[in-house]
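What follows is a single structure, written as structure tokens, with notes after it.
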Amino acid sequence: MFRFNKITYILSRIFIAVIIVGILFPLIWILSLSFRDSSHIFQAYGFIIPKYLRPQNYLDALNFYNNVLEVNFFRMFLNSIIVTGATLLLAISSAAIASYAFSHLKFILKDMLYFLLVISMMIPAQILIIPLFYLFSKIKLLDTYLAIILPYTALGIPICVLILTSFFQNIPKELRDAAVIDGASDFTYFIKIVMPLSKAALATCVIFLFLFAWNEFLMASVFIKNNTILPVPVGMSLLKGGPYIVPWGVYAAAINLSIFPVLITFLVFQKWFIRGVTLGALKG
Amino acid sequence: MLNQRLQNLKYKTTPYLFITPTLIFFLAILGFPILFSFSVTFFNWVGNKPPFLEFIGLKNYYDLFRDINFYTALKNTFIFTIGTVIFQNLIAYIIALLFYFGRFKFENIIKTTVFFPAVLAPVVVSLVWKNMLLSDGFVNYFLNAIKLGIFAKPWLMQFNILMWILVGINVWQYVGYNMIIFYAGLQSIDPQVIEAATIDGAGLRTLITRVVTPIIKPTIILAVILTTLGGFKVFDIVFIFTKGGPIHLTEVITTYLYFLSFDYTAGLSKFSYSSTMIFASMFIVFIIGIIRYRVTIRKVT
């Protein structure tokens, strides 16, 4: 196997070290800032670890959201969980069963439909905003969870179909024929055999949809103006701008409050995140 | 006999039932809106009045091509996209190559760390960096500390280079993501190929340029396509930093769309005009895509 010579070896270590510091530093800085009094921002008061810790910032951040922006921080999380959860459920169930049809069954226009689905991944979301805004305002869906769940699902389905179809294609067709001869319907076969075999591919879909639905901002900010159902990214965007001055410590605390749950989720499922992106890359 | 027929019918209708949910979502939330959106580009539709009242032909397109803000938005979107595509992929590829050839300790921990910003919301990342780039923020403090104070600037006011700053932030966030994609591509290479090339006396540079890169070309193309699509969609980061201002200097397509249609302080609600802009810009991107594709094909043959 190939080995680096000495200089390349050392340079590569330095390069990676710089990358790590560069990636981590802003996050550490925000963490450090969130414990500072706004008059004690810089190094005279401790470079990374502040001299006077001020955990009060976190309570202030929650209060700022509650009182000034009239958004309950925890409610915001609940909203994001509802939206992401519903998107996951709807998109994966629709995509999985359609992928089964695409990979195992014959029907007319199959190839054309599949092609349309795949190229629809290239559609930029902004094209949907105006027509959906109009449509949703007509059928009174604006300012409801559905106003963002539906577009998230529709935009999430194509990539899931792509991932799942290419995975299902590797399941031998003979298995299905055997099941059908034994009198199982396609649905039973799909639920009992195909789904349990495809956990890895399903996990990939979950990761992609989670990253998309949890972080999406444009549609959420246009379709939802009601403070009680704001998802996290829209709520966070209220921090800047507006007529109020937020102390930097409180600002950083609010950012961290939004990061912590994601960080914990990421640490728990990190293998799945990395594997999901890897699998997505290889299938795509 | 009848039972048999029913059974047959059941198996024949199953596929259609199975694709129904996907089809409904596809038609109702992707297909219909796109057609709708395209048809309104030929009408004058502003604010609360229903669409399709006043047919104005190509006037929206005519206005658009005289709209200086549209060109700014297009230019900025292109700067952002090209910058992201080049730097994000280049740096990610270098890191992936180092991991592939370099055998690092704690490789998984490092990869996870570099990947982590990709799971955060772009809004949150923008807020973090907006704080770092304040004139009394950390970046300037750091520049002063390492005696490079002359480079300290009120970064958020540097509107002529702001797009490049945003490119940097986007690269910071997603470099780990592309690194994982490239690393996956590299790992699918048969190790014997590398070994054979090493035995034949190939150095690192030859290995990278002549052996590894051609093999994982499909992965690289995939990553370039993904970053290009992502760049064209950019909204969050520009919106948080400048909202496209001042006087539309830092506008990108999406923020200009937001300004024209949904900004309640501007109150324009020019729905058909914004639709026209999206279609026109998509068309331009499509044309450029085709030209680039042609050029690459010619180079290959």
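Considering only residues in the range B:12-25 that are within 7 Å of chain A (Cβ to nearest Cβ) and more than 11 Å from A:ILE157 (Cα to Cα), the one that is surrounded by the most Cβ atoms within 10 Å (Cβ to Cβ) turns out to be B:ILE19. The residues on offer are A:GLY241, A:GLY280, and the sole one that is outside any helix (DSSP H, G or I), modelled with pLDDT under 90 and either surrounded by fewer than 20 Cβ atoms within 10 Å (Cβ to Cβ) or of a type outside the set (A, V, I, L, M, F, W, C) (or both) is A:GLY241. Taken over the range B:111-127, the residue count meeting the criterion of being facing chain A (nearest Cβ under 7 Å) and crowded, with 21+ Cβ neighbours inside 10 Å is 11. A:ALA125 meets each of the listed conditions (1) within 17 Å of the chain's Cα centre (by Cα); (2) within 8 Å of another protein chain (Cβ to nearest Cβ); (3) at pLDDT 90 or above apart from (3).
Of the residues examined, A:ALA253 is one that is touching a residue at least 24 places away in the same chain (Cβ under 8 Å), buried (at least 24 other Cβ atoms within 10 Å of the Cβ), touching a helix residue (DSSP H, G or I) at 6+ places or on another chain (Cβ under 6 Å) and farther than 20 Å from A:LEU90 by Cβ. Scanning the range B:211-244 for residues that are closer than 20 Å to B:GLY102 by Cβ and in contact (Cβ under 8 Å) with a residue 12 or more places away in the chain gives B:VAL211, B:VAL212, B:ILE215, B:ILE216, B:THR219, B:ILE220.
Considering only residues that are over 32 Å from the mean Cα position of the chain (by Cα) and aliphatic (A, V, I, L, M), look in the range A:140-188 and name the one that is surrounded by the fewest Cβ atoms within 10 Å (Cβ to Cβ). For the range A:140-188, the residue satisfying everything is A:ILE181.
Comparison of B:PHE80, B:PHE70, B:PHE36 shows that the only residue that is of a type outside the set (D, E, K, R) and free of Cβ contacts under 8 Å to residues at least 40 places away in the same chain is B:PHE36.
Here the range B:233-256 is the region considered, the condition is being surrounded by fewer than 24 Cβ atoms within 10 Å (Cβ to Cβ) and of a type in the set (D, E, K, R), and the residue that is farthest from the other protein chains (Cβ to nearest Cβ) is B:LYS243. When the range A:210-234 is limited to residues that are assigned to a helix (DSSP H, G or I) and more than 9 Å from chain B (Cβ to nearest Cβ), the one that is modelled with the lowest pLDDT turns out to be A:ASN227.
Scanning the range A:1-49 for residues being at pLDDT 80 or above, closer than 16 Å to A:TRP248 by Cα and touching a Gly at 6+ places or on another chain (Cβ under 9 Å) gives a total of 5. When restricted to residues that are part of a helix (DSSP H, G or I) and of a type in the set (Lys, Arg), the range B:114-167 contains 1. Filtered by the rule that a residue be among the hydrophobic types (A, V, I, L, M, F, W, C), at the interface with another protein chain (Cβ under 9 Å from one of its Cβ atoms) and farther than 20 Å from A:PHE208 by Cβ, the range A:109-122 gives a lone residue, A:LEU113.
The values are calculated or read from the model by the stated rules, or taken from the named source; none is laboratory data. What you see is a predicted model; the values in this text were computed from it and never measured. In this analysis, Cβ positions are derived from the backbone assuming ideal geometry, glycine residues included, and neighbour counts consider all displayed protein chains.
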